[in-house]
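Asker: Attaching a single structure in structure tokens format; questions to follow.
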Amino acid sequence: MAVMHVPAAQPPDWSDVPPESLVIKDLLDLRNRIDTGRKRAEIIEGRLVVSPMPVIWHERACDWLHNQVRDVSRERGWFVDRAGEIQLPPTSDLIVPDLMVLSDADDLPDLESLRPLDHVLLVAEVISRSSIREDREVKPRACGLAGVPFYVLVDRFTEPMTVSLFSAPGRNGYATVSTVQVGGKLQVPAPFDVTLDTASLPLPR
């Protein structure tokens, strides 16, 4: 068996890069090297978080969300996205929301998985058992700090089940949270001006 000796590559000089940026770079490199299949791989609070496959009800709830914002998105040239990722400064979290609404659909880059943050109008998450803290606390804070106008949360682990709208992003995250029990109506203000009718949200069986 022949053995080939290859000179070791010189490592790049990262001396001037903040330590937290090195952690994010290492996590991005790791994520790009491993095969996560169809599972979501996100960077949250300096951790690489790989989510299990969603249950059927989770996808039904995502379909409900999609239907709630589909018409207004078509009318205004927006794109309803269920596969993209966004990076959220200043926390440096890299998340893959269950659903996003992006403005100016024709201007979005067709061959990139990272969506432009300045196009993000709304982020929505349907809580899974493995993501309760992240979806309730970490992601809304990061989205609020990054200036995402709206964050919608479908939470089946409350009793009764609830849907919440986080709005008014600022230096401390979102200033306003409106919550309704399933069966109620939740108003999403301009530029959406739509009412989420949670009576049509399917309940898990």
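Asker: If one computes the Cα centroid of the range 153-193 and of the range 69-94, what distance in Å separates the two points?
Answerer: One Cα centre to the other: 17 Å.
Asker: Let me ask something else about it. Under 22 Å Cα-Cα from LYS139, which lysines qualify once same-chain neighbours fewer than 8 residues away are excluded?
Answerer: Those lysines meeting the cut-off are LYS25, LYS39.
Asker: Another question, if that's okay. State, as an integer percentage, the relative contact order of the range 54-200 based on alpha-carbon contacts under 8 Å between residues 6 or more apart. Before the final figure, lay out the partial values.
Answerer: Values: 281 pairs, mean separation 24.3, N = 147.
Reported relative contact order: 17 percent.
Asker: Using 14 Å as the cut-off for backbone N distance, which residues of the range 161-205 belong to the label zone defined by a point 7 Å from the Cα of ARG82 along Cα→Cβ?
Answerer: Under cut-off, by backbone N: 202.
Asker: Suppose R0 equals 25 Å; then what is the FRET efficiency for ASP104 and THR176 from their Cβ-Cβ distance, rounded to the nearest 0.05? Provide the component values of the computation, followed by the final result.
Answerer: On the way: r = 26 Å, r/R0 = 1.03.
Once the sixth-power term is evaluated, E becomes 0.45.
Asker: In nm, what is the difference between 0.36 nm times the number of residues separating LEU48 and VAL194 and their Cα-Cα distance? Mind showing how you got there, number by number?
Answerer: Values: separation 146, 0.36 × 146 = 52.56 nm, distance 3.50 nm.
Extending this stretch completely gives an extra 49.1 nm.
Asker: Looking at the range 141-204, which trypsin sites (Lys or Arg not before Pro) are DSSP coil and have at most 13 other C-beta atoms within 10 Å of their C-beta? Write down the numbers at each step before the final one.
Answerer: Working: sites: ARG141, ARG156, ARG171, LYS185; in loops: ARG156, ARG171.
Answer in residue order: ARG171.
Here, each number is a calculation from the coordinates, and none is a lab measurement. Here the structure is a predicted model, which is why all the values come from computation and not from measurement. Glycine also receives a Cβ, built like all others from the backbone with ideal geometry; neighbour counts cover every protein chain displayed.
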